[in-house]
Amino acid sequence: MEETKKSLNFIEQIISDDLASGKHESIITRFPPEPNGYLHIGHSKAICLNFGVAERFNGITNLRYDDTNPEKESQEYVDAIRRDIEWLGFNVDDRIYFASDYFGKLYEFALDLIKKGLAYVDDSTAEEMAGMKGDIDKPGTDSPYRSRSIAENLSLFEGMKNGDFPDGARVLRAKVDMAHPNLLMRDPVIYRIKRQHHHRTGDDWCIYPMYDFAHGQSDSIENITHSLCSLEFENHRPLYNWFIENLGIFPSRQIEFSRMNVTYMITSKRKLLKLVEDGVVTGWDDPRMPTISGMRRRGYPPMAIRTFCDKAGVTKRDQTLDIGFLEECVRQELNRTTDRIMAVLNPLKVVITNYPEDKVEDMKIVNNPEEENPSYRTIPFSRELYIDHSDFREEAPNRKYRRLAPGKIVRLKSGYIIECEDYVKDETTGEILEVRCKYVENSRSGEDTSGLKPKGTLSWVSAKHAVSAEVRLYDRLFNDPSPTKHKDRDFMEFVNKDSLSILNDVKLEPSVLERKSGECLQFMRIGYFAIDETSTPDKMIFNRTVTLKDTWAKIQRK
């Protein structure tokens, strides 16, 4: 029992105690996104926490869309949110709700507050209300409309609902305390007039509840036992409790936890939308974006994101995690789960002069050596091959050089040993056009009797069988670890102009044509790459997911 207690984070400990004391027989949590944008890396922590603790304690989790602001919401975002949650591995089929489902009930709650003398219709402008609010050191002043009678407030609120007044002419405010030290408690607006088509309720309503009014009551309606929120909502908790207490409804317990920030990423929906609208990225699912859809398109496996969130832990203190930590979680998962293939990013032709021109051999190669019972495939070997330009030098730079140079031998991965005899060079540009080698006939991998022990092993692709592909080399979208933390500079100034480079003539082994969209592969000795959703057999497109090693840190130290 003591061992189990030590393994619980502070939220799990609260839930464990509530169940043990009989306060709750079972638990219900919820994930309550606003459908006004795509989910990002920060949301992944809240998703994993809410669904994870419910699973741990045999409870359930609701997916509830807090859709109270129709101006910024759409079905596109609703669909994208569900897709992201399910991709992460959580089932929401029978637990999907909307705050808009409760618009009628929320209206009744507002009427109840008016009848109790705890809400009033205010004709003040937004600027006038802001002026009356005061500040942290100065109490606010009452609105001149605060003393309206219950009958007048009921009549005016009904008129707001019926569309008798123009947008912005009146609001409904809770009558709390204009001198409260928490500024959110100073008679907050709970309803406003907004003639805006809603993606679910259409034009049924011309008044909409404010988020702070709908959120806590929606939790109560759904009998949420533990309302898990990020720390930014800590100051909102007294207001949520005030509504619940004065309405006499089910008290959901709010518990706050720290948000998860990651270096070189931003999580403001407004700023992410600006990147999309300004064309800095191609969309919400651009592989450089910190959105879940962007990370999915880039090739991040869902389990790597869940592992990252789990290792980050649950605390009460805001945390900023190094992006290298996230990338290492991705590498570890992909190393375990992905097949290795031959790829040549910058092709250089090699002609094996003593190999028969028409001969083709199938070379056996392991798919993933990390598997307990690895499978194998064959790749074609022929007289003309491609290796990478970086794997050849006109002259070996030192004795430790392990690649190809005149007079040097190397092993072709799962193939033969070859020795460089000569090369062809463009006399004008100095570019190496072709390398000529001979192969050691009795050196085939797995059957080698040559006695030779080359120091290096190179990736290669048969020229006549090679598949040409476009490879997109994605890097970090920002060149500053905290692009939004500079008070005197706009975050757009820190956009990394080298976050994407495109290689148009990469050569791959032909087995890639059998792979599916979204599948991630390791290009041996290079990195991990995912097949883009727009890829076709006629035009293969790969997105770099992550390098084999953390090269960014080395670059930044230079």
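The values are calculated or read from the model by the stated rules, or taken from the named source; none is laboratory data. The structure displayed is predicted, hence computed values, not measured ones. We place every Cβ from the backbone using ideal geometry, glycine too, and count neighbours over all the protein chains shown.
Residues that are in a loop (DSSP other than H, G, I, E, B), within 30 Å of residue 462 (Cα to Cα) and either in contact with a strand residue (DSSP E or B) (Cβ under 9 Å, 6 or more places away or on another chain) or among the polar types (S, T, N, Q) (or both): does the range 490-505 have at least one?
Taking every residue of the range 490-505 in turn, none turns out to be in a loop (DSSP other than H, G, I, E, B), within 30 Å of residue 462 (Cα to Cα) and either in contact with a strand residue (DSSP E or B) (Cβ under 9 Å, 6 or more places away or on another chain) or among the polar types (S, T, N, Q) (or both).
Which residue out of 282, 337 is among the polar types (S, T, N, Q), over 30 Å from residue 431 (Cβ atoms) and without any contact (Cβ under 8 Å) to a residue 24 or more places away in the chain?
Within the list 282, 337, the selection yields 282.
Among 412, 473, 404, which is closer than 29 Å to residue 550 by Cα and not assigned by TED's automatic domain parsing to the domain that holds residue 361?
473
Among the residues of the range 102-154, which ones are loosely packed, with under 14 Cβ neighbours inside 10 Å and hydroxyl-bearing (Ser, Thr, Tyr)?
Of everything in the range 102-154, those that are loosely packed, with under 14 Cβ neighbours inside 10 Å and hydroxyl-bearing (Ser, Thr, Tyr) turn out to be 125, 147, 149.
Take the conditions assigned to a helix (DSSP H, G or I), surrounded by 17 or more Cβ atoms within 10 Å (Cβ to Cβ), at pLDDT 95 or above and more than 26 Å from the chain's Cα centre (by Cα) and apply them to residue 208. Does it pass? Steps first, answer last, please.
Values: assigned to a helix (DSSP H, G or I): no; surrounded by 17 or more Cβ atoms within 10 Å (Cβ to Cβ): yes; at pLDDT 95 or above: yes; more than 26 Å from the chain's Cα centre (by Cα): yes.
Taking the combined requirement at face value, the residue does not satisfy it.
Look through 96, 41, 47 and report the one residue that is at pLDDT 95 or above, surrounded by fewer than 16 Cβ atoms within 10 Å (Cβ to Cβ) and in the same structural domain as residue 202 (by TED's automatic domain parsing). Before the answer, list the steps.
Details: 41 fails: surrounded by fewer than 16 Cβ atoms within 10 Å (Cβ to Cβ); 47 fails: surrounded by fewer than 16 Cβ atoms within 10 Å (Cβ to Cβ).
Going through 96, 41, 47 in turn, just one is at pLDDT 95 or above, surrounded by fewer than 16 Cβ atoms within 10 Å (Cβ to Cβ) and in the same structural domain as residue 202 (by TED's automatic domain parsing): 96.
Here is a yes/no grid of residues against (1) over 26 Å from the mean Cα position of the chain (by Cα); (2) buried (at least 17 other Cβ atoms within 10 Å of the Cβ):
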site: 454; (1), (2): yes, yes
site: 507; (1), (2): yes, yes
site: 514; (1), (2): yes, no
site: 519; (1), (2): no, no
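How many of the residues in the range 383-404 are surrounded by fewer than 19 Cβ atoms within 10 Å (Cβ to Cβ) and farther than 17 Å from residue 524 by Cα? Working first, answer last.
Going residue by residue through the range 383-404, those that are surrounded by fewer than 19 Cβ atoms within 10 Å (Cβ to Cβ) are 384, 389-390, 393-402.
Those left that are additionally farther than 17 Å from residue 524 by Cα: 384, 393-401.
So the count comes out to 10.
Show me the strands (runs of 3 or more DSSP E) entirely contained within the range 286-371 in which 2 or more residues are closer than 20 Å to residue 47 by Cα. Before the answer, list the steps.
Working: elements: 319-321, 347-352, 361-366.
Passing ranges, in order: 319-321.
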